[in-house]
Amino acid sequence: MENKIPHPLDKGTSPDGACDSIFLVHAAVVKVSGQANALDADLLGKLFRRRLSRLERVLASHGGRVVRNFPQGLLAAFDTAEVAVLVACEMQRRCAVIPQIMDTQIGLKIGIHPVAPGHKQATEETTAAWLTTLRGEGTIVASEAVVEALPATLHEKTSPLDSNDKGISIHLIDWNAIPMRPLPVQEPQKPTPPRSASLILRQGRRVFRFGADKTVVTIGRALDSDVVIQSAKASRQHCRIVYRLDNHVLVDMSMNGTYVQSGNAPEKAIRKNMMTLSGSGRIAFGHSCEVDGEHVFEFEIG
C-alpha cells in the first residue's frame, strides 16, 4: 500500500470530518558557477552543508516538519499554504546573505506543491521536486493549488508561468516583495566564542604568521605581496590564500602552478585552480617541492 504523508502538526481532520491538505516545500541547493576552476569536494560540501543548516534553522524557528533530507536539499511539510510560502521566502533570504567564495555561486531553488487527501505521497513529492527545475537559482515556484489557497495579500505577489509538459498550472512567487516573517520570541543565548585559526608559513629563518582577521594573503615576486618569493619560476602575482568559512583555500593564478604536499599525501600540482589547505605540509611556487629546496615553504594551519 502506498504510504501517505502524515499531517505535520497532527491536526487530524477538519470540523466537517475531512482531512485537510498539507503543503510540501522542496528546497534544493545548487551550484551555479561561471568559472573554469572547480572547488575541491571538501570545501564544496561544506558550502552546501552551511546552506542546509540554514534551512533547518528556519524550519526550527518558523514551524514546519522535515519529511526527508537529501544530500543537496530537504523536503518539509506545512499545514497551510500561507506558512509554506512565508517559510520558503525566509529560506531564500537566509541563503542569499551567505557570502560566496571566489566566483562560485551557490543558490537555492524551491518548489511548493500540496498533498490533497487520498493522493499518493511519492507522486506529490516528485511534483514538488520537479517544480524546482523550472527556473534558476533564487526562485520559488508553486503549483496553482498552492497559490489559490493563499490569502489575497500573498496571492498578489505571484505571477503565472508558461505552460509545461505536465499540464500543471504554475506560478512564480516574488519572495523579495513579501515582508519578512517575524521570529517567535526566544530566550537570549550566550554568545559562542569565535574560532581562532592561523596560517603559518616558514622558509628557513623567515616566518610569516597570519590570524583569522587576515582573510587574503598574497604571495608572489611582486614587492607589495604579503609574502615575497624569489624563485625564478614564480609569477609576480603567483597565488592567494583565502580564509573563509573556517578554511584556508589556496588559489593559484600563476603560469607554472603551485605544488602542495600535505602531511603524508602525495604532492598535488594546482594550476589556475584552488584547493583547501589543512594540517601542515609544504608549498613550492612554480616547481615541485622535491626540487630547489631553498624556495620551498612549510605551512601550518591551526
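Of note:
- The set of residues from the range 82-139 being more than 18 Å from the chain's Cα centre (by Cα), among the β-branched types (Val, Ile, Thr), in a strand (DSSP E or B) and under 15 Å from Ala28 (Cβ atoms) comprises just one member, Ile112.
- Hits in the range 277-302 - residues which are surrounded by fewer than 18 Cβ atoms within 10 Å (Cβ to Cβ), touching a residue at least 40 places away in the same chain (Cβ under 8 Å) and under 28 Å from the mean Cα position of the chain (by Cα): Glu300, Gly302
- Thr218 passes every criterion in (1) modelled with pLDDT of 95 or more; (2) farther than 19 Å from Met255 by Cβ apart from (2).
- Residue in the range 72-80 that is at pLDDT below 80 and either outside any strand (DSSP E or B) or within 20 Å of Trp130 (Cα to Cα) (or both) present: no
- Within the range 115-162, the set of residues being free of Cβ contacts under 8 Å to residues at least 24 places away in the same chain, touching a strand residue (DSSP E or B) at 6+ places or on another chain (Cβ under 6 Å) and of a type in the set (Ser, Thr, Tyr) comprises Thr158, Ser159.
- Condition met for Leu150 (assigned to a loop (DSSP other than H, G, I, E, B), under 23 Å from Leu172 (Cβ atoms), in the same structural domain as Leu172 (by TED's automatic domain parsing) and of a type in the set (A, V, I, L, M, F, W, C)): yes
- Residue within the range 247-260 that is touching a Pro at 6+ places or on another chain (Cβ under 9 Å), within 25 Å of Thr104 (Cα to Cα) and not assigned by TED's automatic domain parsing to the domain that holds Leu43 present: no
- Filter result for the condition that a residue is of a type outside the set (Phe, Trp, Tyr), modelled with pLDDT under 90, part of a loop (DSSP other than H, G, I, E, B) and touching an Asp or Glu at 6+ places or on another chain (Cβ under 8 Å), over Ala265, Ala197, Ala212, Ala232: Ala197
- Selection count where residues are among the acidic types (Asp, Glu) and in contact (Cβ under 8 Å) with a residue 24 or more places away in the chain, scope the range 215-270: 1
- Test result for Arg93, surrounded by fewer than 19 Cβ atoms within 10 Å (Cβ to Cβ) and within 22 Å of Ala177 (Cα to Cα): yes
Every residue, every condition in (1) assigned by TED's automatic domain parsing to the domain that holds His171; (2) farther than 30 Å from Ile270 by Cα; (3) of a type in the set (A, V, I, L, M); (4) in contact with an Asp or Glu (Cβ under 7 Å, 6 or more places away or on another chain), yes or no:
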| site | (1), (2), (3), (4) |
| --- | --- |
| Gly45 | yes, no, no, no |
| Ala60 | yes, yes, yes, no |
| Val87 | yes, yes, yes, no |
| Ile101 | yes, no, yes, no |
| Leu108 | yes, no, yes, yes |
| Ala116 | yes, yes, yes, no |
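- In the range 55-67, the residue that is surrounded by the most Cβ atoms within 10 Å (Cβ to Cβ) out of those that are touching a residue at least 12 places away in the same chain (Cβ under 8 Å) and not in a helix (DSSP H, G or I) is Gly64.
The values are calculated or read from the model by the stated rules, or taken from the named source; none is laboratory data. Small disclaimer: the values here were computed from a predicted structure and weren't measured. Cβ sites come from the backbone with ideal geometry, for glycine too, and all protein chains shown count toward neighbours.
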